[in-house]
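The values are calculated or read from the model by the stated rules, or taken from the named source; none is laboratory data. Treat the numbers as computed from the prediction; the structure is a model and nothing was measured. Every residue, glycine as well, gets a Cβ built from its backbone with ideal geometry; the counts of neighbours run over all protein chains shown.
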């Protein structure tokens, strides 16, 4: 039953993903026909190049392969990473309103990037990889601090975990705001990074993120049955023989590393991990064997369309990507709150 549903929904998702990929590569300051894009991409596949006659212009191929494709694929990877991480957070915290930034990871990554930009060190140690590396490390360190604050007698209570995350998010967010206020030459660069963007990102950024996405999806998908058990409650899950605390910790670490990796290459982009898993849940039901892989597809599609809107709606001015996702995510978050309130009122009336 689950395999059939996964195959059906997965086939639809892959078709939507392919169509989205072609459209997002085609639209821009120079429009390219979808047929030319498909032929250019197929021409790069080993074994097919001799079957396709290259009758497109050199400039079109350069636009596709060097400018738009790496950006669109990076959007796909960032969206998939944030959405799958969001599904993991919602599963382990048993809260559909949780997202990858619940535990302060976004602010943790942001403070590392903001310090580098403030002092002009963003290219000082590892070249273009300096800022992503430091942002990733500070995001992961934030998780360690949050877990340390929340741990009680070897256990990690969900309430304490969320409270610790909120405290860290607020404190580190204030530090980033302070650096922004104190900076003069770099204020725009810090603000732009904290609002998210995929501009000027080449193939190297895709290579940074891809391993984290693949490992994270495989790990969390392998824990899908475990997350289904946790949805019944920690006590009930423990009665089935599940190592609850170890499971919670492992899922939190993997989901946070996926988030930190995504934030390190794209800046802070909110609401993706909240909106996408919940939309998948509304369509397919609460089974994480479906939610996790379909969230990867849905997150990639959502981010590619968001990035297309960011670079085309007010062209040649580019809207920060986090603003676009917030315009979609904030109303959806309000809808979720309203829906939960109505459900509680209906339960009280029964």
The stretch 167-186: number of residues that are in contact with a helix residue (DSSP H, G or I) (Cβ under 7 Å, 6 or more places away or on another chain) and closer than 21 Å to residue 104 by Cα: 8
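Quick check on the stretch 6-21: of everything there that is in contact (Cβ under 8 Å) with a residue 24 or more places away in the chain and either over 23 Å from the mean Cα position of the chain (by Cα) or surrounded by 14 or more Cβ atoms within 10 Å (Cβ to Cβ) (or both), which residue is nearest to residue 57 (Cα to Cα)?
Checking each candidate, the answer is 21.
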Among (1) in contact (Cβ under 8 Å) with a residue 12 or more places away in the chain; (2) closer than 22 Å to residue 204 by Cβ, the one test that residue 62 misses: (1)
Sole exception among (1) assigned to a loop (DSSP other than H, G, I, E, B); (2) loosely packed, with under 12 Cβ neighbours inside 10 Å for residue 3, by number: (1)
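From the list 187, 166, pick out the single residue that is in contact (Cβ under 8 Å) with a residue 24 or more places away in the chain and under 30 Å from residue 306 (Cβ atoms).
Working: 187 fails: in contact (Cβ under 8 Å) with a residue 24 or more places away in the chain.
After ruling out the rest, the residue left standing is 166.
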Wholly enclosed helices (runs of 4 or more DSSP H) of the stretch 147-232 bearing at least 1 residues surrounded by 19 or more Cβ atoms within 10 Å (Cβ to Cβ), touching a strand residue (DSSP E or B) at 6+ places or on another chain (Cβ under 6 Å) and at pLDDT below 85: none
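If you go through the stretch 22-31 one residue at a time, do you hit one that is assigned to a helix (DSSP H, G or I), exposed (fewer than 12 other Cβ atoms within 10 Å of the Cβ), out of contact with any strand residue (DSSP E or B) (no Cβ under 9 Å at 6 or more places or on another chain) and on the phi < 0 side of the Ramachandran plot? Even if it seems obvious, please write down each step before you answer.
Pass one, the stretch 22-31, residues assigned to a helix (DSSP H, G or I): 22-26.
From what is left, the residues that are exposed (fewer than 12 other Cβ atoms within 10 Å of the Cβ) are none.
No, the conditions are met nowhere in the stretch 22-31.
Do you know which of the residues in the stretch 286-314 that are more than 15 Å from the chain's Cα centre (by Cα) and within 22 Å of residue 3 (Cα to Cα) is surrounded by the fewest Cβ atoms within 10 Å (Cβ to Cβ)?
Kept after step one, since they are more than 15 Å from the chain's Cα centre (by Cα), are these residues of the stretch 286-314: 286-290, 308-314.
From what's left, within 22 Å of residue 3 (Cα to Cα): 286-290.
Values: 286: 13, 287: 18, 288: 25, 289: 17, 290: 20.
In this case the residue turns out to be 286.
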Unmet criterion (only one of (1) touching a helix residue (DSSP H, G or I) at 6+ places or on another chain (Cβ under 9 Å); (2) within 30 Å of residue 319 (Cα to Cα)) for residue 59: (1)
